[in-house]
Structures are given as structure tokens and as C-alpha cells.
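Chemist: Got a structure for you, questions after.
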Amino acid sequence: MKILLINPKFPESFWSFKWAIDTVLPNDIRAVNPPLGLATLAALSPEDWEIEIIDENIESIPLKPDADIIGICGMGVQFNRQKELLTFYKNKAYFVVAGGSFASLCPEQYEGTADTVIAGEAEYIWKEFCKDFENGRQKSLYQETGEVSLEDSPVPRFDLLKVDKYRAVSLQFSRGCPFRCEFCDIIVMFGRKPRIKSLEQVGKELDALRGLNLNVNRVFYVDDNLIGNKPAAKRLLKYLREYQEEHNYKFNFGTEASLNLAQDEELLTLFREANFNWVFIGIESPDEDSLKETLKFQNIREDILTSVRRIYSYGIEVLAGFIIGFDNDTTETFDKQYRFIMESGIQSAMIGLLIALPKTPLYERLAKEGRVIHDANDSDNTKLGTNIIPKQMRYDEMVRGYRDLYFRLYDNHNIADRIKTKLRYLSSPPDGGTYPFREGLKILRSLIVHGILPGGFSRLFHFIRSIPFSSPRLFEKFITEWIVGLTMRDYIERHFIQEFHETNKLADSYFKLIEKGFQSYLRNGTLVVSLDQVKNSASNLSISMKGLLDRDFFIEATHHLEKVLQNTYSCVTLNIDEFHLPQIQYLNLLLKRLSRHGNRINIGVHEKLGDMIAIDSSVFNLVLVKSVSK
């Protein structure tokens, strides 16, 4: 059997760190983390099966793969792309399997789209599916209803991942969380009793990473709460400390944990000794009443600011999640969040609007109250919209306040102030730098050239005043903080836009120039152009190629489209319905010039041209339809 496993492209969000990856980090880094679930699934498959893993976030999908089964995973934010891929391959007569966290939570959403749905943890049901498929009696749904022992989870097939293309490699020690946060779907899928792997398994996974000989040294333990079972977590950390000592501190770790980490000094000491450089914590709100409302009692055991600073004192960086939209929240909440984030020095402040995820206690409560907005954004909390109706402010007040909060936090002055605040409390990191000296210099140069200097005198001034002259060991942390701050700023500048009137007027003027410049192509029918404008949204410039277009066209098109993409928020759609092979070099040059705007460019290629034109779907949004236009 030949099986292709695909991780669909994520829509861009804060978590993508696009600006940092595209502009500052080494050129071979394409994404933050690899698909650990698919690597685990590959290890669960029969040994004689041929397996390939494609992550669309770093490489293009094959349109005509040699495969008996195509398995496509997906989180909620990937659902649209996952469904598009499932439909595309199923229409081409491949046997398609849907899996991942969203399929586990809502398997009914895949009816008619996938031949088989894998819902729930895969350790047992995937093996059952493989056996059934080999015998020709596969079912449409395999749903895990029992308890999976993580000791039955194999070492993931890291060898099938292009791990050198990622910022960090993902591992997992436990599943489940003991807490009852109302908005969270983790306890719905994995339960409240954390289950763990053995220390022997942990060692084998780390050995497998070392065996790749690819200088993998950054590891993210993706557990939703690594300290959900504290005694087990302490055993793990002691083991990792010994492993690190034995292997010359090969790895720098990061993970997710609950805030009660700060009240356990033994845990903090072990985190440092095991070389954990950072931890992501769901702080959610500095307002105690909001935390009580959502049942996040673990965050009110002591003053949150005191907890964060204590974690800093062990040299451990804090990344944090925050939420706007609890019933207790009012328009005053934005100032409360702002003051806390500034006082805590948290740069990676992942603030999101509260979303009622399907099948969570929050969804059930708000649905009964008639406060769920159906057909609204119910998966991505980094957008200017959500599916809930707030209780103590208007919906538009909540969205506007959320947007303004982000722009306020990420101006140059406040980025620098948070860095100075954090470095005042942050002890030296557990183990020096994570980059070789030369590579670190390249990153610093790229940050200054592409991030600091374009911000003018103001940004340069705040950059210089935040340099930790008295603590040189914190210099790399200082650089990282500026990279994070500018990455977040870049995202909100491009995505948190509501005033489209002027930019759409500019797009309209570019469209008229294109119409005027391409009159000969428009008259003979080899080109069709249009501009779609929707109120309070970015316009879309559509260009359909329907015949022979010469070199001059591609030169002019590159010039015009670069201006549209650089000076407006518009998207561009290229429909390639007819094409002639001699044009391919000009098309490739055009795409190369536009590639840095690839997330705003949709490309559809008529299926009859599939063998002639290869579009990199990891760079551009490849539209998978049989016929682009009529």
C-alpha cells in the first residue's frame, strides 16, 4: 500500500510568525512546527506500507500522487483547506481519509467529503482502519470511545519530516488537562485525567531526533498542559535534566503549562535545570471575576503579575494567551489588559476574541442564551470577528476595542518598554544562545536592515534605548523580543484593517491603468480583467489568461501587480485557462517577483494545463477546481 499524508496550509495568524520567517530567520526555515500527528500516524501504519508526508506549509502538494490512500489532517482553522483537498482528491478517484483535531471534535462535518473519518486519538483506531482497508472492508467512521494509553504510542517517524525546515520540532509527553476552563475543547477531546508516556519513550524520541544528524536543537512539547499531572511532570523534568547532562545540553525546550507552575519552586528549578527556555501560559485576563466566570481558578491563587515575575526569575520566558469577550468584560477591559501586558513585559501577547468552539461548555451555554452567531468565525481567534454576542458591550465596540488594543501595544515605544520591563526581571537563560555566532550576526543584521531602519528614527531610538548594556547575556533575548514585536506588528498592520475606502479607491485606479495598458489583449480575448469590491472589505483584482500572451505582457503585469500588492490591501486572483509553453519562463519570473505576497494571491490553473504549469501551493493559494472560468 502507498499512503500520502497531507497537512493543509494554515491561514496566516499570529502563530505563523510570517514576517520573522520570511525576513529575519535563516532562509531554510519555512514554518514554526512540523505535523507531529502525521509523523505519529505514519509510525502506526503497517511496516510494509510506503508512506510520504507532505506539509503544505513548507512544500507544494502533488496533484497526481502515486497513492492508494490520501489522508488529510486538520485543526479547525484548517477546515476549509482540508475540505477543499479532500474534495479535490476524491473527485480524482483517490480514497481519502479525514482526521485531526477538528474531525475528532466534529466528524459529522465530513459526511460526503471523506471516504473514511478517523475521529479521536489514533493509536488504536488507525491500526483497525489499516487492517480493514487491506481486507477491503473499511468503514466510513472510526471513532475512539475508550481511553488510549500513551504507552502504546510509537516513536513518530521524524525521518519522514523535513525537520530542518522548521523553527522547532514537536514532541508530546501527555494528553488531557485537569482544569475545567469553560471555553476549552481539550477536555472534550482528551478528558481531565492527564495520560502520559513512559520515560523510556521520551528517551527514544529524543534519541531519534539526535539520530537525524540535522542539528535539531529546539523542541516544543505540545502538551496542552505539561504540568497537568505534577508528580509525572517532575519525573519527566528530572529525566530530561539527566538526559541533557549526558548529551551536553543538546536541546532547548519550550512547552505549554498552567500558571500554577509559578507556585511550585521545585518545578521551576527543574524547568531551568532541564533547559526549558520558554513556556506558554493561558493567562486570559487580569480580571479575577472574568477568570472565575470561565472556571479558570488556577489563575487566581496569587497575584498574576507576581507569578509571571517569579517565572522570569528562573530565566524562563513567558508567552501568554489573553481573551477579550467574557461576560464580565466591559469597555474598561481593554485598558486592564493593556496595563497588565505592559507591566508584565510579555511581548508574545496572543490576544484573541472569545470564540465558542463547538461542543464546549461555553458553546452549549451561549447557544441556550441565543448568543451564538451561526455561520460566523468559530475557529480563528486572531481575526477581527467571532461567533459570540458579548454581554456588557456592543459587538462592534468589542471588535474595535480589540483592534485598538493591539495597535496600542505594538507601537515602537511600547515594544521597547515591555522589553526593558521584562529584562529587569528575567534571569539569565538556562543555557546561553540557541544560534551559532555567525548565524546570530546574520539574524541581527536582517533585523536591523529589514525591521529597525524601515521604522525610521523613532524605532531606531527605541531599539537603542532598550539594549541591555548591563546584562550582555540577555542580548539574544533582546533581539528575539524585537523580532517578536515587529512580527506581531506586521500581522496587525496587514490584517486588522477596517478602513478600506481609500485603499480600494487606489486599487480602482490601478485597475483602470491595467485596463488601459492591456487594451490589445482585452480586445482580442486573450485576457479578461475585473475588480470585485465589497463594502468594508479588501478588493480583489482578477486576471484571466485565455490565450497567447507575450513577454511584454508579463513585464507590464509584474510591474502593475507589484504596485497593487505593495500599496493596497487587495488580493489578486490569476486564472490560467489557456497557456503556451514558450511563456512559461515569463510566468515563472512573474510568480517569483510576487512570491512574497503569495498569501494574497489565488491561482487557478485549468486541469488540462496541470502537466505544464506547476504552482507552489505552499507559497500561493492554489485553487483546486476543475475549470477556473468559462
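Chemist: Taking a ≥ b ≥ c as the square roots of the eigenvalues of the Cα gyration tensor of the range 407-455, is the shape rounded (a/c under 1.5), prolate (a/b larger than b/c) or oblate?
Modeler: Oblate, because a/c is 1.5 or more while a/b does not exceed b/c.
Chemist: Still on this structure: Divide, for the chain, the radius of gyration over alpha carbons by 2.2 N^0.38 Å, where N is the residue count.
Modeler: 0.99
Chemist: Also, I was wondering about something else. Would you please calculate the Kirkwood hydrodynamic radius of the range 145-235 over all C-alpha pairs and express it in Å, rounded to one decimal?
Modeler: That comes to 14.4 Å for the range 145-235.
Chemist: Add +1 for every Lys or Arg and -1 for every Asp or Glu among the other residues with Cβ under 12 Å from the Cβ of Glu317, and state the total.
Modeler: Here the charged neighbours net out to +1.
Chemist: A follow-up question, please. Just the Kirkwood number for the range 1-49, please: inverse of mean 1/r across all distinct Cα pairs, in Å, one decimal.
Modeler: Every distinct Cα pair counted, the radius reaches 13.2 Å.
Chemist: Starting from the Cα coordinates of the range 2-143, work out the convex hull volume and express it per residue in Å³.
Modeler: 111
Chemist: What is the distance, in nm, between label points placed 7 Å from the Cα along the Cα-to-Cβ direction at Lys563 and at Thr331?
Modeler: 4.2
Chemist: Take the Cα pairs of the range 246-352, get the Kirkwood Rh, then feed it into Stokes-Einstein at 20 °C and 1.002 mPa s and tell me D in µm²/s.
Modeler: Answer, rounded: 148 µm²/s.
Chemist: Still on this model: List the Cys residues of the chain that have no partner Cys with a C-beta closer than 4.7 Å.
Modeler: Taking the Cβ cut-off of 4.7 Å, the unpaired cysteines of the chain are Cys73, Cys106, Cys130, Cys177, Cys571.
Chemist: Please compute the Kirkwood hydrodynamic radius over the range 367-438, one decimal place, Å, based on all pairs of different Cα atoms.
Modeler: Computed over the range 367-438, the radius equals 16.1 Å.
Chemist: Please work out the Cα center distance from the range 129-203 to the range 543-596, rounded to the nearest Å.
Modeler: The distance from the Cα centre of the range 129-203 to that of the range 543-596 comes to 43 Å.
Chemist: Please report, for the Cα atoms of the range 392-488, the Rg to one decimal and the Dmax as a whole number; what are they, in angstrom?
Modeler: When restricted to the Cα atoms of the range 392-488, Rg and Dmax are 15.8, 53 Å.
Chemist: Need one number for the range 449-490: average projected area of the convex hull over its C-alpha atoms, nm².
Modeler: Value for the range 449-490: 2.9 nm².
Chemist: What percent does the relative contact order of the chain come to when contacts are Cα pairs within less than 8 Å and at least six residues apart?
Modeler: 11
Chemist: Turning to a different aspect of this structure: Whole angstrom only: what separates the Cα centroid of the range 38-107 from the Cα centroid of the range 367-443?
Modeler: 31
Chemist: Rounded, prolate or oblate: which fits the range 348-403, taking a ≥ b ≥ c as square roots of the Cα gyration tensor eigenvalues, rounded meaning a/c under 1.5, else prolate when a/b beats b/c?
Modeler: oblate
Chemist: Okay, next question. Compute the convex hull volume of the Cα atoms of the range 39-122, divide it by the residue count, and report the result per residue in Å³ as a whole number.
Modeler: Hull volume normalised by residue count: 96 Å³.
Chemist: Once you place label points 7 Å from the Cα toward the Cβ at Leu453 and Glu343, how far apart are they in nm?
Modeler: The answer from the label model is 4.0 nm.
Chemist: Does the range 331-462 come out rounded, prolate or oblate by the C-alpha gyration tensor, with a ≥ b ≥ c the root eigenvalues, rounded set by a/c under 1.5 and, if not, prolate when a/b is larger than b/c and oblate if not?
Modeler: prolate
Chemist: Next question. List the extent of the Cα atoms of the range 168-352 along each of their three principal axes, largest first, rounded to whole Å.
Modeler: That gives 53, 32, 29 Å along the principal axes, largest extent first.
Chemist: Given the rule -39500 (n - 2.57) for each run of at least 4 DSSP H residues, summed and divided by the residues of the chain, what is its mean residue ellipticity at 222 nm, to the nearest 500 deg cm²/dmol?
Modeler: Helix contribution divided over all residues of the chain: -11500 deg cm²/dmol.
Chemist: How big is the range 501-623 by Rg and Dmax over its Cα atoms, in Å?
Modeler: Just the Cα atoms of the range 501-623 yield Rg and Dmax of 13.7, 41 Å.
Chemist: If packing is taken as the average count of other Cβ atoms within 10 Å, what order do 246-254, 596-604, 207-215, 117-125 fall into, highest mean first?
Modeler: Result, highest mean first: 117-125, 596-604, 246-254, 207-215.
Chemist: Could you give the length gained on full extension between Ser595 and Leu212, defined as 0.36 nm per residue of separation minus the Cα-Cα distance, in nm?
Modeler: Separation in residues times 0.36 nm, less the Cα-Cα distance, equals 134.8 nm.
Chemist: Using Cβ contacts closer than 10 Å as the measure, can you line up Val202, Val96 from fewest to most?
Modeler: Val202, Val96
Chemist: Let me ask something else about it. Using 7 Å Cα-to-Cβ label points, what is the Arg494/Trp15 separation (nm, one decimal)?
Modeler: Computed distance between label sites Arg494 and Trp15 equals 1.8 nm.
Chemist: Ok, one more. Take the residue pairs Lys9/Lys234; Lys296/Lys420; Lys18/Lys563; Lys90/Lys383 and return only those whose Cα atoms are more than 26 Å apart.
Modeler: Lys9/Lys234; Lys296/Lys420; Lys90/Lys383
Chemist: Sequence gap at least 6, Cα distance under 8 Å: using those rules, report the relative contact order of the range 410-496 to the nearest whole percent.
Modeler: 48
Chemist: Given a Förster distance of 25 angstrom, what is the FRET efficiency for Glu369 paired with Cys106, based on the Cβ-Cβ distance and rounded to 0.05?
Modeler: 0.70
Chemist: Kindly put Asp411, Asp329 in sequence by how many other C-beta atoms sit within 10 Å of each C-beta, fewest to most.
Modeler: With the fewest neighbours first, Asp411, Asp329 line up as Asp411, Asp329.
Chemist: Averaging over all projection directions, find the projected area of the Cα convex hull of the range 411-559 and quote it in nm² with one decimal place.
Modeler: For the Cα atoms of the range 411-559, the hull's average projected area reads 13.3 nm².
Every read-out reported here was derived from the displayed coordinates using simple, explicitly stated rules and does not represent laboratory data. Everything numeric here is computed off the predicted structure, so don't read it as measured data. A quick note on method: Cβ atoms are made from the backbone with ideal geometry, for glycine too, and the neighbour counts reach across all protein chains shown.
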